[in-house]
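Report on the structure given below.
The values are calculated or read from the model by the stated rules, or taken from the named source; none is laboratory data. Worth saying up front: this structure is predicted, and the values here are computed from it rather than measured. A quick note on method: Cβ atoms are made from the backbone with ideal geometry, for glycine too, and the neighbour counts reach across all protein chains shown.
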Amino acid sequence: MSIVVVGSANTDLVIQVDALPEPGETVLGGAFVTASGGKGANQAVAVARLSGAVQFLASIGRDHFGDDLIQKYRDESIDTHLIQRPDQTSGIAMIYVAKNGQNSIAVAPGSNALLSPAHIDGAEAELKKASIVLTQLEIPVETVLRLAETAAQNDATFVLDPAPAQALPDGLYALTDVITPNETEATALTGISIKGERDARRAAESLLHKGVKNAIITLAEKGALLCTEQGAQHIDPVAVKAVDTTGAGDTFNAALASALYRGESMVQAVVFANRAAALSTTRLGAQPSIPFLDELQAE
């Protein structure tokens with residue numbers, strides 16, 4: 001059994017700036033970094049570092065960016081044989097990172113948009129072996145729906161990171177074992193403006209009403225709220241000095257999946273995910289910032 005991560009893969013082009021540019025504004029940046037990114041790839045790398053048992057199902061173009069990405073995944077001991085290579089440009093993300101750790105990101109999906117339901121069907125034999133399936137919304141939503149259906153048919157735990165926020169098919173909620181929106185995404189999914197924990201609980205309960213089994217609202221420096229049919233529980237944050245929040249959500253989701261894969265309870269998994277995500281914000285870059293399991297065990 002393993003964790004299968006299905007999702008996007010990009011090359012991140014990162015510029016450090018004093019403050020994020022306003023519309024129409026040009027700012028002078030500092031350091032420039034090229035790094036492997038994409039929410040799916042970030043989560044696959046994080047799972048590899050935190051549990052070691054991961055397959056990555058993705059669509060990566062036949063260009064030098066794509067070749068570099070594949071090699072990096074193999075260096076991380078990620079099983080890459082489910083990755084398709086269409087004659088298309090690979091995904092690219094332009095990222096500004098401010099001194100306060102906040103970021104602004106624009107993504108050109110490229111080959112990620114070609115990851116289709118047919119690709120999920122073609123990987124069904126491998127998906128049958130998965131105990132946990134983790135995905136996001138940087139791939140077509142119809143592909144996400146097919147993936148959820150396949151996971152349900154094979155009794156795999158389906159974890160959905162609903163980012164970037166967008167409307168979801170009603171049928172997807174009932175197929176989702178765990179959903180992990182941040183405050184902005186939870187508002188987009190439920191229409192409930194979140195200004196505090198009470199609002200977060202209302203949003204989480206709304207997601208349960210839609211059919212989700214476990215709703216986790218991530219609250220950045222305020223921790224996370226776990227809501228199930230048994231009730232809601234606030235999970236305390238981990239205090240750190242953040243320098244770059246890029247990829248923190250991906251680290252959270254991967255750490256959550258890794259902990260569940262090890263048989264930990266949902267509460268234990270959220271606590272572990274909070275710790276991993278917090279540590280990732282103390283470093284620059286998405287994948288370079290992802291911690292290894294021994295770092296968290298040493299704390």
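For the range 144-184, a residue qualifies if it is among the β-branched types (Val, Ile, Thr), part of a helix (DSSP H, G or I) and crowded, with 22+ Cβ neighbours inside 10 Å, and the qualifying residues are VAL144, THR150.
Restricting the first member to the range 151-167 and to residues that are under 17 Å from GLY211 (Cβ atoms) and touching a residue at least 24 places away in the same chain (Cβ under 8 Å), and the second to residues that are hydrophobic (A, V, I, L, M, F, W, C) and assigned to a loop (DSSP other than H, G, I, E, B), the beta-carbon pairs closer than 7 Å and six or more apart or on different chains are PHE158/LEU175; PRO162/LEU137; PRO162/LEU168.
Do we find a residue being under 27 Å from VAL14 (Cα atoms) and either touching a residue at least 40 places away in the same chain (Cβ under 8 Å) or surrounded by 23 or more Cβ atoms within 10 Å (Cβ to Cβ) (or both) anywhere in the range 224-236?
Of the residues in the range 224-236, the ones under 27 Å from VAL14 (Cα atoms) are none.
Within the range 224-236, not a single residue is under 27 Å from VAL14 (Cα atoms) and either touching a residue at least 40 places away in the same chain (Cβ under 8 Å) or surrounded by 23 or more Cβ atoms within 10 Å (Cβ to Cβ) (or both).
Here are some conditions: (1) more than 16 Å from the chain's Cα centre (by Cα); (2) outside any helix (DSSP H, G or I); (3) closer than 20 Å to LEU57 by Cβ. ILE132 meets all but one. Which one does it not meet? Among (1) more than 16 Å from the chain's Cα centre (by Cα); (2) outside any helix (DSSP H, G or I); (3) closer than 20 Å to LEU57 by Cβ, ILE132 violates only (1).
Is it the case that THR251 is β-branched (Val, Ile, Thr), crowded, with 19+ Cβ neighbours inside 10 Å, under 15 Å from the mean Cα position of the chain (by Cα) and under 14 Å from LEU50 (Cβ atoms)? Give the steps one after another, and end with the answer.
Details: β-branched (Val, Ile, Thr): yes; crowded, with 19+ Cβ neighbours inside 10 Å: yes; under 15 Å from the mean Cα position of the chain (by Cα): yes; under 14 Å from LEU50 (Cβ atoms): yes.
When the stated conditions are applied, THR251 passes them.
Note on the range 285-299: residues that are surrounded by 15 or more Cβ atoms within 10 Å (Cβ to Cβ) and either free of Cβ contacts under 8 Å to residues at least 60 places away in the same chain or of a type outside the set (A, V, I, L, M, F, W, C) (or both) amount to 5.
Within the range 68-79, residues that are under 14 Å from GLN43 (Cα atoms) have Cβ atoms under 8 Å from residues that are aromatic (Phe, Trp, Tyr) in these pairs: TYR73/PHE56; ILE78/PHE56; ASP79/PHE56, counting only partners at least 6 apart in sequence or on another chain.
Quick grid of which residues meet (1) within 19 Å of ALA186 (Cα to Cα); (2) at pLDDT 95 or above; (3) more than 16 Å from the chain's Cα centre (by Cα):
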residue: HIS209; (1), (2), (3): yes, yes, yes
residue: GLU221; (1), (2), (3): yes, no, yes
residue: GLY247; (1), (2), (3): yes, no, no
residue: SER258; (1), (2), (3): no, yes, no
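So which residues in the range 11-55 are touching a Gly at 6+ places or on another chain (Cβ under 6 Å) and farther than 22 Å from VAL243 by Cα? Hit for the range 11-55 is GLY40, nothing else. Name the residue that is surrounded by the most Cβ atoms within 10 Å (Cβ to Cβ), counting only residues in the range 185-205 that are over 26 Å from LEU260 (Cα atoms) and of a type outside the set (Ser, Thr, Tyr). Checking each candidate, the answer is ILE194.
Per-residue answers, yes or no, for (1) farther than 20 Å from ASP79 by Cβ; (2) within 18 Å of the chain's Cα centre (by Cα):
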residue: ALA113; (1), (2): yes, yes
residue: SER116; (1), (2): yes, no
residue: GLU124; (1), (2): no, no
residue: ALA167; (1), (2): yes, yes
